[in-house]
Structures are given as C-alpha cells and as structure tokens.
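Engineer: This is the structure I want to talk about, given as structure tokens.
The values are calculated or read from the model by the stated rules, or taken from the named source; none is laboratory data. Bear in mind the structure is a predicted one, so any value in this text is a computation, not a measurement. Every residue, glycine as well, gets a Cβ built from its backbone with ideal geometry; the counts of neighbours run over all protein chains shown. For the accessible areas, the whole protein counts, side chains as well, though only heavy atoms, and no ligand, DNA or RNA atoms are used. Shrake-Rupley method; radii C 1.70, N 1.55, O 1.52, S 1.80 Å.
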Amino acid sequence: MSNPQIEIQLIAVVVAVACAIPGVFLVLRKMSLISDAISHSILPGLVLGFFITQDLNSPLLIILAAFTGIITVVLVEWIQKTGLVKEDTAIGLVFPALFSVGVILIAKNANDVHLDVDAVLLGELAFAPFDRLMVSGMDVGPKSLWMMGLILVITVTLLLLFFKELKISTFDVGLSSALGFSPAILHYGLMSISSVTVVGAFEAVGAILVVALMIAPAATSYLLTSNLKKMLVLSVLFGVFSAITGYWVAHWLDASIAGSISTMLGLVFLIVYLFAPSKGLIAVVYRQKQQQIEVSLLTFLLHLNNHTEENERHLNHLREHINWQKIKAKSVVDLAVRNNLIVINNQVVSLTEKGNDFTSIALDYIITNKDEKIEHLKDDFFLFRG
Amino acid sequence: MSEKIAIQVDDLTVAYNYKPVLWDIDLVVPEAVLMAIVGPNGAGKSTLIKSILGIIDPIAGSVSIYGKPYKKQRQLVAYVPQKGSVDWDFPTTALDVVMMGTYGTLGWIKRPGKKEKKASLEALEKVGMLSFKNRQISQLSGGQQQRVFLARALVQNASIYFMDEPFQGVDATTEIAIINILKELRKAGKTVVVVHHDLQTVPEYFDWVTFLNVKKIATGPVKDIFNDDNLTKTYGINYKVAVNK
C-alpha cells in the first residue's frame, strides 16, 4: 500500500466512526431524516464561510455550517409546532430551501474556485491527501484527517461524559426533564455535534453519502443487540468495516470511494436484515411458522384432553376430525412426540403426564393471560414469547 | 396524615396554543396521603403533574414542594410517566431502566456505580421483578413494564411520588402489587399522587382525591368529598357510584 492509500483509508475510517456515534442516537430518537436535512442545508453556511476565508478547511467554515445545521433543526421544529404540517413535511420544506440558497450562491460567485455542486453532493475522498497540513514548514498529514480526527475526539469525549444523560433523554424525555437533565440542552447538543460531524465528513463523502454513514451502521446494529453500549460499538465496527472494504472495492472497480463505502454499508445492512438471530427477516418468518405449528399442537392436545374414548384418539380419525392435511398433521404429531407430550400405542394417541400438565398450563395462560406460570416454557416454545 | 404541606399549587394556568388546559388551579396536598387525580379525558390530569414537575411551563401560577420551588427540591420527588410515553423497543434492560432512577442524585456526568446497582436490584426485588433484571424491556408484558417503572421510582428514594396512570394496561395481579407498594409508601410517610381512571376503585385504593376538569372541582379526603355531587360536577353527567363510606 502506498502512503496516500493508507491516508485515504485512515480518513474513511475516522469519518465512519465519527458519523456512526451520533447516528446511533439519531436512529433511536427517530430523527434519521434530520441528518439528511442537516447535510443539505449546511451548504449556504459552508459557502459563506468559504467566501470569507477562501479556505475549505477553515474552522470558521465548520462553525458557520454547523450553525446553519442548527438553524435547520430550529426551523423544522418551529414549522412543526404550528401544527399546520407534520414533521416530515416540515423537513421537506426547510432543507431544499436552504440548500438552494447555497447552490445559487455557488453558481453566482464561486464559478472559478474549487467548490462545485458535484463535490458538495458526492465529495471526493481520493483527493483528500493532496491538501496537506503544514506546521512550521513540516508536512504532518492531510488536513481533512486532522480535522475529522479532532471532531472524532470531541465526539468521543462528549459521548463518554454525557452517555448517561443522552441515554435517559433519548429513552424517557419526561423523566429526564423531571430529574433536571434538560432535554432541550441534550437535543441541541446532539444536533450541534451531528452538524459539525456532517460538515467535517461532507468534504470527504458528500452531502448524500454522509447520511448513509450516519444511519446505516446504527440501523444495522439495532437489529443485532438490545444493549445501547453494544449498539454503539457494533455501529463503529460496521462503519470501519465498510470504510475499509469500500475503499478496496472502489480500488478494484475503479469507482467512487464514497459510493463504494455506502454500497458496502447497504450490503452489510441487507445481510444483517436477513440473518440477524432474533430480529432478522428469516428468524421472524421461522418464528411465525413455528408459532403456527405450536397453535396447532395446542389444538391437538386440547382435543386429546377432551376425549377419553379411544376412537376419538385414533391417528387416522384425528386427521379426519381435526381436518388437517397429512403433512401438517404429521409435523404436529412429531412435535408432540419430540417433546414427550404424547405416546402412540397401536395408532392410538394419549397424553403423557407432561402433556397433561402442559395443556392445562397453556389453557390457564390463554384464559387468564398471566405471564408468571409460563416463564419456564418460553425457552422451548415460541408461542409464549409474545 | 400530618399537618405538613407536601405540595402547594397556586393559581396555576397552563395553555397549549392559547387554549387553557388548566385554569387557575389552587391545590394543597398534605404530607403522607395517597391521592388520586380523577377527571374525564382532556381534563388536564397529566398536564397538572407535568407542570408541577417543570416538564411543562405554565403561563401563570407557582408550585412549591415542601415550601420551595420544584427546581430546588428535585431530589425529593419521583416521577412515573405514562407507560406509553416511552419507546419500549429501546435497546436496554429492565435493570438499566431502574438504574435511571439513580441519575437524579448523581447529577451530570457522574456514572452510576456499585451502590446504585445494589439499590436498583433491591427495588426490582421489591416489585417482584428481580428474575427479569437482564431481560430486554420489549420482552416484558405490560404489567411487568409498569413494575419496572415503579421500581425506577422507588430507587429514587423520594418523599413525593407522582404516577401517571400506573394501572393502565396492567393485569389484576400487578394492579394489586402496585397499590400495596403505594400504600406502604404512604405508611412510611411518603406522599403519593396518582392520575387514576377507574372510579370504582378510588375509595378502596386512596384516602385523598382531587377532582379535575380544566378547573379544580374539589380536593380533600375521599370519605368527605367522593360523592355524586362532585362526580357530576366533574364528569358533567349524573354518576352513580356506590360509595360505601
């Protein structure tokens, strides 16, 4: 690997991590769309900052752009509060308006400089290593790596300091407020850091893909864990993984790095969406299927419970009476035998003691809907897991 | 019941979009009572609690908790919001939710440690949920979720408890478990304020009641004021509730 290659991957990784962290909270607060809005509406701030400083990496640029990000959030909330339109409509009204101001400003004034709409929308990671940070004549590395690194350090520090506050205000606004952790301060704090991250990341990956970097890792890890800390760690890992594999896919295909990273994020999400152990599509379908069989099982056991006479419990007769097709009847009987709920003697089925107990507990649960008695059944049967 | 005043509300008016939801409420709650706030939908019951707790800003009036503004007395107050007000798919466990009750005493930045964990486990045990401590909260039944919320309030170790419809969507066993814990709290000298819907159970569960319908209709001991007259004034129709006292 050449030096620029390593630098590009480093920048990609730092950007991915810096985006993944606020992304987790945006997803949990159901504010994913807000990141999209911010990423677009920071443009006028960016352009104004650029006119003033003539430097794409100036801190003033970031401050002005982040400020426009906050204005976006405030405007969206303000329009929403009038009660005339819903939140998604408010977002849809605000960010194109601000973005278009930025586009017009660029078109009118910045035709001759290195700031065009393409770069704004898609970014270009490959060029990042060309812009070096010089400290007293010494080259210390790409400017964007330093800038994103600084943003990442700030993000991680704030996360470590205010993890508990962010958690409670995300989960329970009312209690957070009653305990004195102002939800407004935390909300705008999170919005500020998200805006700053978007501004920093946006030169590398552009306004559209930065949204993917924020939302996809969080959405993916949400499917895998029910622990907020693990969700943060997993999001970071998914971000890093996609950044590095995305870089090499781009290298191999000779395509846009940012595009490849986003594609990897999408692929990772798709795989997890399909195969996640409990929330994945396949697991859900399997569980539903299993529940169906278990309902049938219960029906079958109830029938046995209701009839002591042998002719009602003959295998062939059961099929006719319960009116199930052969395959279904077989899978139900197999399930019952496997769990020692029934015994079959000469084609006549009878409940075992365990089967009797199970039936009466299940009946009791269905009638009273009391959870305590069936706790021990939850491991064996999907039906009782709600 | 002692002579001390736990909560005092003076001339409280709250409005959403210029429409008053609570109008000029005066309310005095003595220490160590178990009080129900009753009233029809939209009467402002939850709003009353929320504005006492500073979650909603009133347009007029003042609130004091043991003689001082709420902001100075946060440590004395525990709050159980409506179960439906939070996202139960949030990635966290029952124990972790209870631990949130300790955040108030910890203040900003400081993290909960062993002491907080121990207190939280004890609170879970008290509501009979210890064996569920590591369960993801979406995997709990409605009654279990409400018990976790109650445990979270207990761990705050407060003097005054506000609960917004703790019996909504819970099974009968949980309802009895919760009311027994609330009665214990009252015995220990705590003041408990509950937004309540089921008028039938008011005389059995509570010793104090406030009738609310945008304005305060009446407040006082259940045995004195829980009668057809006040019910009719509050609900606007002739309510026949058997009060056997």
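Engineer: Run the accessible area of the protein assembly as shown with a 1.4 Å probe and give the carbon-and-sulfur part as a rounded percent. If you can, show how the numbers build up before the last one.
Structural biologist: Numbers: 17580 of 29450 Å².
After summing per-atom areas, the C and S share lands at 60 percent.
Engineer: Still on this structure, I have one more. What are the ³J(HN,Hα) values, in whole Hz, obtained from phi via the Karplus relation 6.51 cos²θ - 1.76 cosθ + 1.60 with θ = phi - 60°, for each residue of segment A:336-349 in sequence order, with x given for Gly and Pro?
Structural biologist: Per residue, the Karplus-derived 3J(HN,Hα) values read 5, 5, 4, 8, 6, 8, 9, 10, 10, 10, 6, 6, 9, 9 Hz.
Engineer: Considering only DSSP beta bridges where both residues belong to the protein assembly as shown, give the percentage that are antiparallel (nearest 5). If you can, show how the numbers build up before the last one.
Structural biologist: On the way: 30 of 47 bridges.
If we restrict to bridges inside the protein assembly as shown, about 65 percent are antiparallel.
Engineer: Please report, in debye to the nearest 20, how large the charge dipole of chain A is about its Cα centre when each Lys and Arg carries +1 at its beta carbon and each Asp and Glu carries -1 there. Walk me through the numbers on the way to the answer.
Structural biologist: Working: 25 positive and 30 negative charges, 116 e Å.
Charge dipole, chain A, about its Cα centre: 560 debye, nearest 20.
Engineer: Kindly tabulate the residues in segment A:146-169 with an accessible-area decrease of at least 20 Å² between the chain alone and the assembly of all protein chains, using a probe of 1.4 Å.
Structural biologist: Residues meeting the cut-off: A:LEU160, A:LEU161, A:PHE162, A:LYS164, A:GLU165, A:LYS167, A:ILE168.
Engineer: Accessible area per residue of segment A:3-279 at 1.4 Å probe, in Å²?
Structural biologist: On the way: 11820 Å² over 277 residues.
About 43 Å² of surface per residue is accessible.
Engineer: Choose one of A:SER195, A:ALA20, B:THR210: the residue whose Cα lies farthest towards the positive end of the charge dipole of the protein assembly as shown (beta-carbon charges +1 Lys, Arg; -1 Asp, Glu; about the Cα centre).
Structural biologist: Ranked along the dipole, the leading option is B:THR210.
Engineer: Which residues belonging to segment A:175-201 lose at least 40 Å² of 1.4 Å-probe accessible area when the assembly is complete, relative to their chain isolated?
Structural biologist: Residues losing area: A:LEU175, A:SER177, A:ALA178, A:LEU179, A:PHE181.
Engineer: Could you give me D for the protein assembly as shown, from Stokes-Einstein at 10 °C and 1.306 mPa s, where the hydrodynamic radius is the Kirkwood radius over C-alpha pairs? Units µm² s⁻¹, please.
Structural biologist: 56
Engineer: Percent of alpha carbon pairs in segment B:1-150 separated by more than 23 Å?
Structural biologist: Working: 5464 of 11175 pairs.
Of the Cα pairs, 49 percent sit more than 23 Å apart.
Engineer: Continuing with this model, one more query. Counting protein heavy atoms only and a 1.4 angstrom probe, how many square angstrom of accessible surface do chains B and A bury in total, to the nearest 100?
Structural biologist: Details: alone 12330 and 20180 Å², together 29450 Å².
Protein heavy atoms only, the B-A interface buries about 3000 Å².
Engineer: Now for a separate question. Go ahead and set up a Gaussian network model of chain A, Cα springs under 10 Å, then flag whichever of A:LEU122, A:LEU298, A:LEU98 fluctuates most.
Structural biologist: A:LEU298
Engineer: Just name one of B:PHE90, B:VAL170, B:GLY143: the one whose Cα is farthest towards the positive end of the charge dipole of chain B (beta-carbon charges, Lys/Arg +1, Asp/Glu -1).
Structural biologist: In chain B, that residue is B:PHE90.
Engineer: In addition: Can you give me the accessible area per residue for segment B:117-245, using a 1.4 Å probe, in Å²? Can you show the working numbers first?
Structural biologist: Working: 5560 Å² over 129 residues.
I get 43 Å² per residue for this part.
Engineer: First measure r as the distance between the Cβ atoms of A:THR82 and B:SER138, then evaluate 1/(1 + (r/R0)^6) with R0 = 41 Å and state the FRET efficiency to the nearest 0.05.
Structural biologist: Working: r = 34 Å, r/R0 = 0.83.
Result of the calculation: an efficiency of 0.75.
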